[in-house]
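Below you'll find the structure, written out as structure tokens, and then a few comments.
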Amino acid sequence: MNIEIGRGKSARRAYGIDEIALVPGQRTLDPSLADTKWQIGGIDREIPIIASAMDGVVDVRMAILLSELGAMGVLNLEGIQTRYADPQPILERIASVGNHEFVSLMQQLYAEPIKPELIELRIKEIKAGGGIAAVSGTPAAASKYGRAVAESEADIFFVQATVVSTAFLSTESIVPLDLTQFCQEMPIPVILGNCVTYEVALNLMKTGAAGILVGIGPGAACTSRGVLGVGVPQATAVADCAAARDDYYRETGKYVSVIADGGLITGGDICKCIACGADGVMIGSPFARAAEAPGRGFHWGMATPSPVLPRGTRIRVGTTGTVEQILRGPALLDDGTHNLLGALKTSMGTLGAKDLKEMQQVEVVIAPSLLTEGKVYQKAQQLGMGK
């Protein structure tokens, strides 16, 4: 139902993850029986969680560790790892600078040209370590480096921008990336994003993409919503794009994975996104808190280094445990940021969902007070959900 904003403008109500809750059904099951396996681009994974392609989150070591633990990490092909042969001193500088100097330093550091030989090297390093070589680039980078990525035998390519669509208008001097042609010519699966609407999601699926990323601006370090005023709350965005996936599957028989990307901090957030229809999630800040993360306790947005319009910031997330504790436990914290797999399995057990497809069908209610109801003492003492 549309709500009138004024005489000349009406709007549809949209919902964020914090505004909904999942309703237990008539059946429960032991969490050990919950099957969280999923497939993306023909790659089978035990855990439907992907680490974001951000320089403070994924490097070669993290990509390998996440693969070993049953998840996946995506390497940013336009970041520090492909601009500098030795990224460690650069990451130290980023972690040590003050907040006022941060953006200008980032613009300076990311002005260093991308080196194609480092793209090949990083992919081979991940593969040599037994990891899944998932990499990410903007449409411009995909056009420029796509062939090199394929020749380096990467496993999957994420084409990412704040917003990606199949109808891109450009000046005569710019030749936009033909997404359909790119998906057809790449010998590896291609994931496209980001989008937030049914129509764009459906059009992206028609290009031949193996998956789509859903989310504009909800990320912990992203400021696109503030800078551009653009976005749709994540629960509504995921549900709309999941509807496009289901319709496309009914029409073609091809199933395209929907990945909720951004704004997910706790196990509960992940559970609610899957209940809204997501097949998997992409998260950044929870993994930036890992002892092995390259950000040294910091997390920053992908568009932060933009030379003309930065749309990200650097946040201090600290270090709370190992990547294994964050992903598989045992949890050392009580706020839902550790043992994300355990949280998903326990939620599925509570809801009676045997697998992710059943999890996508559980009842959802509007519940804006879910995170505050009865939590007066936690809030006052800054414990648990009151942190």
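The values are calculated or read from the model by the stated rules, or taken from the named source; none is laboratory data. The model shown is predicted, which means the values in this text are computed figures rather than measured ones. Reconstructed Cβ throughout: ideal geometry from the backbone, glycine too, with neighbour counts over all protein chains shown. Heavy atoms of the whole protein, side chains included, go into the accessibility calculation; ligands, DNA and RNA do not. Shrake-Rupley method; radii C 1.70, N 1.55, O 1.52, S 1.80 Å.
One residue stands out among those in segment 145-162 that are of a type in the set (Val, Ile, Thr), under 18 Å from the mean Cα position of the chain (by Cα) and modelled with pLDDT of 95 or more: the one that is surrounded by the most Cβ atoms within 10 Å (Cβ to Cβ), which is VAL159. Considering every residue within segment 259-269, establish whether at least one is more than 12 Å from the chain's Cα centre (by Cα), within 19 Å of GLY70 (Cα to Cα) and not polar (S, T, N, Q). Checking segment 259-269: at least one residue is more than 12 Å from the chain's Cα centre (by Cα), within 19 Å of GLY70 (Cα to Cα) and not polar (S, T, N, Q).
Can ALA140 be described as without any contact (Cβ under 8 Å) to a residue 60 or more places away in the chain, touching a strand residue (DSSP E or B) at 6+ places or on another chain (Cβ under 8 Å) and over 19 Å from THR313 (Cα atoms)? Spelling it out, it is not the case that ALA140 is without any contact (Cβ under 8 Å) to a residue 60 or more places away in the chain, touching a strand residue (DSSP E or B) at 6+ places or on another chain (Cβ under 8 Å) and over 19 Å from THR313 (Cα atoms).
Consider GLY6 carefully, then state whether it is without any contact (Cβ under 8 Å) to a residue 40 or more places away in the chain, open to solvent by less than 40 Å² (accessible area, probe 1.4 Å) and out of contact with any strand residue (DSSP E or B) (no Cβ under 6 Å at 6 or more places or on another chain). For GLY6, the condition - without any contact (Cβ under 8 Å) to a residue 40 or more places away in the chain, open to solvent by less than 40 Å² (accessible area, probe 1.4 Å) and out of contact with any strand residue (DSSP E or B) (no Cβ under 6 Å at 6 or more places or on another chain) - is met.
Which of the residues belonging to segment 254-269 are open to solvent by less than 10 Å² (accessible area, probe 1.4 Å) and in contact with a Leu (Cβ under 7 Å, 6 or more places away or on another chain)? Across segment 254-269, the qualifying residues are ILE259, GLY267. The condition (being modelled with pLDDT of 95 or more, open to solvent by 40 Å² or more (accessible area, probe 1.4 Å) and not small (Gly, Ala, Ser)) is satisfied by just one residue among THR166, THR197: THR197. Of everything in segment 174-209 that's closer than 18 Å to LYS254 by Cβ and among the β-branched types (Val, Ile, Thr), which residue is nearest to the chain's Cα centre (by Cα)? Of everything passing the filter in segment 174-209, ILE191 is nearest to the chain's Cα centre (by Cα).
Rundown of residues vs (1) open to solvent by 60 Å² or more (accessible area, probe 1.4 Å); (2) free of Cβ contacts under 8 Å to residues at least 24 places away in the same chain; (3) closer than 27 Å to GLN382 by Cα, yes/no style:
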residue	(1), (2), (3)
GLY329	no, yes, yes
ASP334	yes, no, yes
LEU340	no, no, yes
MET348	no, no, no
ALA353	no, no, no
MET359	no, no, no
PRO368	yes, no, yes
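Looking only at residues in segment 208-252 that are β-branched (Val, Ile, Thr) and at pLDDT 95 or above, the one that is farthest from ALA278 (Cα to Cα) is THR252.
Here ALA235 meets the list (1) part of a helix (DSSP H, G or I); (2) out of contact with any Cys (no Cβ under 8 Å at 6 or more places or on another chain) almost entirely, failing just condition (2). For ALA244, the conditions (1) out of contact with any Leu (no Cβ under 8 Å at 6 or more places or on another chain); (2) open to solvent by less than 10 Å² (accessible area, probe 1.4 Å); (3) farther than 12 Å from VAL163 by Cα; (4) not in a strand (DSSP E or B) are fulfilled apart from (1).
Within segment 290-302, one or more residues are within 23 Å of ALA235 (Cα to Cα), surrounded by 19 or more Cβ atoms within 10 Å (Cβ to Cβ) and not polar (S, T, N, Q). Of the residues that sit in segment 247-269 and are in a helix (DSSP H, G or I) and touching a helix residue (DSSP H, G or I) at 6+ places or on another chain (Cβ under 6 Å), which one is nearest to PRO189 (Cα to Cα)? Step by step, filter segment 247-269, then rank; the result is TYR248. Of all residues in segment 184-193, one or more are of a type outside the set (S, T, N, Q), at pLDDT below 95 and closer than 23 Å to MET359 by Cβ.
Restricting attention to segment 9-24, the residues that are open to solvent by 70 Å² or more (accessible area, probe 1.4 Å) and under 18 Å from ASP269 (Cα atoms) add up to 2.
Check segment 25-34 and report whether any residue there is out of contact with any Ser or Thr (no Cβ under 9 Å at 6 or more places or on another chain) and either of a type in the set (Phe, Trp, Tyr) or open to solvent by less than 10 Å² (accessible area, probe 1.4 Å) (or both). The answer is no, given that none of the residues of segment 25-34 is out of contact with any Ser or Thr (no Cβ under 9 Å at 6 or more places or on another chain) and either of a type in the set (Phe, Trp, Tyr) or open to solvent by less than 10 Å² (accessible area, probe 1.4 Å) (or both). Selection within segment 225-241: residues that are in contact (Cβ under 8 Å) with a residue 60 or more places away in the chain, out of contact with any helix residue (DSSP H, G or I) (no Cβ under 8 Å at 6 or more places or on another chain) and surrounded by fewer than 23 Cβ atoms within 10 Å (Cβ to Cβ). The member of this set that is nearest to ALA21 (Cα to Cα) is THR236. Which of the numbered conditions does LYS272 fail, given that it passes all the others? Conditions: (1) of a type in the set (D, E, K, R); (2) touching a Gly at 6+ places or on another chain (Cβ under 8 Å); (3) open to solvent by less than 20 Å² (accessible area, probe 1.4 Å). Condition not satisfied by LYS272: (2). Total residues in segment 359-383 satisfying the condition of being in contact with an Asp or Glu (Cβ under 9 Å, 6 or more places away or on another chain) and under 22 Å from MET348 (Cβ atoms): the figure is 5.
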